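First comes the structure, then the notes that go with it.
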2 protein chains.
Amino acid sequence: MTVLTGPPRTFSVSEVAVDSGVAPSAVRFYDNHGVINAVRTAGNQRRFDGSAACRIQVAKLAQRAGLSVREIAALFAGLSADPTPDEWADVARRLVTEVEERVRDLKAQLAAMGSGTRLCEIGRNDPAR
Amino acid sequence: MTVLTGPPRTFSVSEVAVDSGVAPSAVRFYDNHGVINAVRTAGNQRRFDGSAACRIQVAKLAQRAGLSVREIAALFAGLSADPTPDEWADVARRLVTEVEERVRDLKAQLAAMGSGTRLCEIGRNDPAR
DNA sequence: ACTTGACTTCAACATATGTTGAACCTGCAC
DNA sequence: GTGCAGGTTCAACATATGTTGAAGTCAAGT
């Protein structure tokens, strides 16, 4: 079944900006790049659902963890308006998988450096000199 | 004591490019931005020590984990030419600490979303409507 | 209906991260 | 000492990620 719920409330650009902690210009930027999705009023103004501020908060942290806006938009592509917890969980799983792989790669390189085999030629002196 | 070692071998831009897997233009870019440090020949050409390719490999992975070139240069700032394993270990520790904090922040936000308290107002409907 | 604050688009600017091309110079092998 | 692969700088270009300002439109209260 579906819970009885009226027309869901929507948010303007500046509301989403305040809720997500970014500038209004950034909200428009994220809309233009598919991180969030606006519907338009009869007068062409953007209206967002409640997930927009949330998407942006996640997007900012994902950016700090190395993902590009394009990658984040792709990650959010399957998300419906006002996503279900299950949809969010799936996004979260894919996101964490991706950033953890990047951290693993970094750690592996760091580990390969100092220890044992000098894969990275640390302090390398030409062996053939 | 110090191990008996002749004048250590140096590397040209294109050698570092090959060893690190980036374009020569990128090697010059990283030099200009302090990720690596060249000495100059009498004829003004760059010469790098063996750590340069290594620094770049780490830098590329650190970038994928969310660090900027400026941040990476700052991280490498304390590193001497041909750094000791101890110096590398210190850099590695600080680097991992930083990226893991970013991942923690992301995970915390994701966790706060789906579960329990709707901090992110998922599927929010105006409570005062 | 008016006013006014918030919205629209678009272009220009700004910073980060490189790449490319021109014009010129070096280093090394012969 | 000559040739030439590869080095130098500098400016322009390119993409990503936004911000700012101008010029005009919308929405909502009075």
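The values are calculated or read from the model by the stated rules, or taken from the named source; none is laboratory data. The structure displayed is predicted, hence computed values, not measured ones. Glycine also receives a Cβ, built like all others from the backbone with ideal geometry; neighbour counts cover every protein chain displayed. Please note that ligands, DNA and RNA were not included when accessible areas were found on the heavy atoms of the full protein model with its side chains. Shrake-Rupley method; radii C 1.70, N 1.55, O 1.52, S 1.80 Å.
Side notes on the structure shown:
- Three-way shape label, segment B:1-93, alpha-carbon gyration tensor, a/c 1.5: oblate
- For segment B:13-114: relative contact order, % (alpha-carbon pairs under 8 angstrom, 6 or more apart): 22
- Test item: B:36-46 mean partner chain Cβ contacts at 10 Å: 0
- Summed buried accessible surface, chains B and A, 1.4 Å probe, nearest 100 Å²: 3800
- For peptide A:102-109, the mean count of partner chain Cβ atoms within 10 Å of a residue's Cβ comes to 6.
- Per-peptide packing, taken as the mean over residues of other Cβ atoms within 10 Å, places A:31-39, B:44-52 in the sequence B:44-52, A:31-39 from highest down.
- Within a straight-line Cα-Cα reach of under 18 Å, A:LYS60 can be paired with the following aspartates and glutamates, leaving aside sequence neighbours fewer than 8 residues apart in one chain: A:GLU15, A:ASP19, A:ASP31, A:GLU71, A:GLU98, A:GLU100, B:GLU71, B:GLU98, B:GLU100, B:GLU101, B:ASP105, B:GLU121.
- Solvent-accessible area per residue, Å², over segment B:13-114 with all protein chains present [probe radius 1.4 Å]: 46
- Ascending distances from the A:ASP82 label point to its copies in the other chains, with the point 7 Å along the Cα-to-beta-carbon line: 6.7 nm.
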